[in-house]
């Protein structure tokens, strides 16, 4: 693994663990904090090449969207009776899934399978896990089994 990705990778794996714990314990605020912090880590890791490298610019823009959408500062409990908030929650989870599935897929497409050193496999796996978490949240919303706290 490249030295410049070591610390962000360790942080992303820890944050993904926080998100998994939030999903298991049904504490949405932990998942939102985890996804928010993850977006800040991705933005900080790519900030040095902003406007220089198009891929870094794309990463920063997409993770700014994730940070804004997953910001836990205005998290309030809701139930399925509030249709506007319920629809917004569905949209947020689908955006989360889309962003993380994109990075998971693009990472494995660009990976050099013949190299001895996997550069960022853990990060791509974490993107896949977060996309799966988003799909699980979306399926809970679609089934009507909602307990958002």
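With the simple spin-label model, which puts each label point 7 Å out from Cα in the Cβ direction, the residue 98 to residue 40 separation comes to 2.6 nm.
Assuming R0 = 30 Å, what is the FRET efficiency of residue 25 and residue 51, from their Cβ-Cβ distance, to the nearest 0.05? It comes out at approximately 0.15.
Sorted fewest first by neighbouring Cβ atoms within 10 angstrom, 96, 62 come out as 62, 96. Modelled spin-label separation between residue 14 and residue 139, with each label point placed 7 Å from Cα along the Cα-to-Cβ direction: 3.1 nm.
Only the coordinates and a few stated rules stand behind these numbers; no lab work does. Model, not experiment: these values are computed from the prediction. Cβ sites come from the backbone with ideal geometry, for glycine too, and all protein chains shown count toward neighbours.
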